[in-house]
Amino acid sequence: MLKPIPALKDNYIWVYGRENCPVIVVDITEIDRLLPFLRENKFGVEAVLLTHKHDDHVGGVAAFKRYFPDVPVYGPQECADKGATHIINEGEIVTAHYRIRVIPTGGHTPQHVSYVTDGHLFCGDTLFSAGCGRVFTGNYAQMYDSVQRLKNLPDETLVCPAHEYTLSNLAFAESVLDDKSAVKNQQVFVARLRAQNRPSLPTTLALEKQINPFLIAENPAQFEAWRKAKDQF
């Protein structure tokens, strides 16, 4: 089971679970829709994963913990004062039902992390469909290296970003990529989904390698130039 729960303007809270197992919740923005979803489906929660410290990813953690006080909350050091009870910056998390790889993906924030379990990548604000996160640290080389780590995952990996930015990202991708065919096809597909108020996510790493400029960038200089151009797009 994989469910993106809309939150705020364009955030997604991701809920993932194996059959007949408690679920994992990623980046709790708020609990207004999350709590009813968990209750209606009678889901227990095995763990909460936080990718980074920004309020639109951790703003609902305190409220969540009032209802689920015993659920461990994993996150990087920068989330220590945002509700994380278990600090993890890389390596592996092993719970009763899940093995979760923790990948350092700093750049959007200094200690941003991404998580992989059962072929699902929860990448917060590092990688989006057809885009990547803003580099608030100013360290474009770090962000480039982070994206390269994600690029090295298997092509069949399901990519689960934290924001619905796909259409605007595709418009930028069309403006910079030489081969626009895959981008144009995806624009048509995503436009139909969004017209029905359906999420464009998850995506696959194989598809992203065709439509995402920041996975296609050949070197850190090109990556930085495109990221700065996207900021002005």
Straight-line reach from Lys65: which aspartates and glutamates have a Cα under 17 Å away, not including same-chain ones fewer than 8 places off? Asp27, Glu30, Asp32, Glu46, Asp55, Asp56, Asp81
Heavy-atom accessible surface of the chain: percent carbon and sulfur, 1.4 Å: 47
Unit Cα scatterers, Debye sum, region 10-72: log10 I(q)/I(0) for q = 0.16 Å⁻¹: -0.45
Tell me the Kirkwood hydrodynamic radius of the chain in angstroms, computed as one over the mean inverse distance between distinct C-alpha pairs. 17.8
Just to verify a number: what accessible area does Leu205 come out at with the full protein assembly present, 1.4 Å probe, Å² rounded to tens? 0
Helix 140-151 sits at what angle to the longest principal axis of the chain, using alpha carbons and giving 0 to 90 degrees rounded to 10? 70
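Taking a ≥ b ≥ c as the square roots of the Cα gyration tensor eigenvalues, with a/c under 1.5 meaning rounded and otherwise prolate when a/b beats b/c, else oblate, which class fits region 1-138?
In terms of gyration-tensor shape, rounded.
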Compute the orientation-averaged projected area for region 84-193 from the convex hull of its Cα atoms and round it to one decimal in nm². 8.2
Region 146-229 accessible area per residue, 1.4 Å probe, protein heavy atoms, integer Å², reads 47
Pick from Val135, Val190, Val147: which is most flexible by mean-square fluctuation in a GNM of the chain where alpha carbon atoms under 10 Å apart are linked? Val190
Amide H neighbours of Ser114 under 5 Å, counting only residues 5+ apart in sequence or on other chains, H built in-plane at 1.01 Å? Ile103, Thr105
Karplus-derived HN-Hα couplings along region 47-58 (A = 6.51, B = -1.76, C = 1.60, θ = phi - 60°), whole Hz, x at Gly and Pro: 6, 10, 10, 10, 8, 6, 8, 5, 4, 6, 10, 10
Using a Gaussian network model of the chain whose springs link C-alpha atoms within less than 10 Å, name the residue from His108, His57, His86 with the highest mean-square fluctuation. His86
Too long at a 24 Å Cα-Cα cut-off: which of Lys53/Lys209; Lys9/Lys82; Lys151/Lys230; Lys3/Lys180; Lys3/Lys42? Lys53/Lys209; Lys3/Lys180
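So, for region 1-144, what is the accessible surface per residue at a probe of 1.4 Å, expressed in square angstrom?
42
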Considering only protein heavy atoms, with the full assembly of protein chains and a 1.4 angstrom probe, order Ser114, Ser181 by accessible area, largest first. Ser181, Ser114
Among Ile211, Ile24, Ile87: highest mean-square fluctuation, GNM of the chain, C-alpha pairs under 10 Å: Ile87
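The values are calculated or read from the model by the stated rules, or taken from the named source; none is laboratory data. Fair warning: this is a prediction, and the values are worked out from it, not measured in the lab. Ligands, DNA and RNA are excluded from the accessible area calculation, which covers all protein heavy atoms including side chains. Shrake-Rupley method; radii C 1.70, N 1.55, O 1.52, S 1.80 Å.
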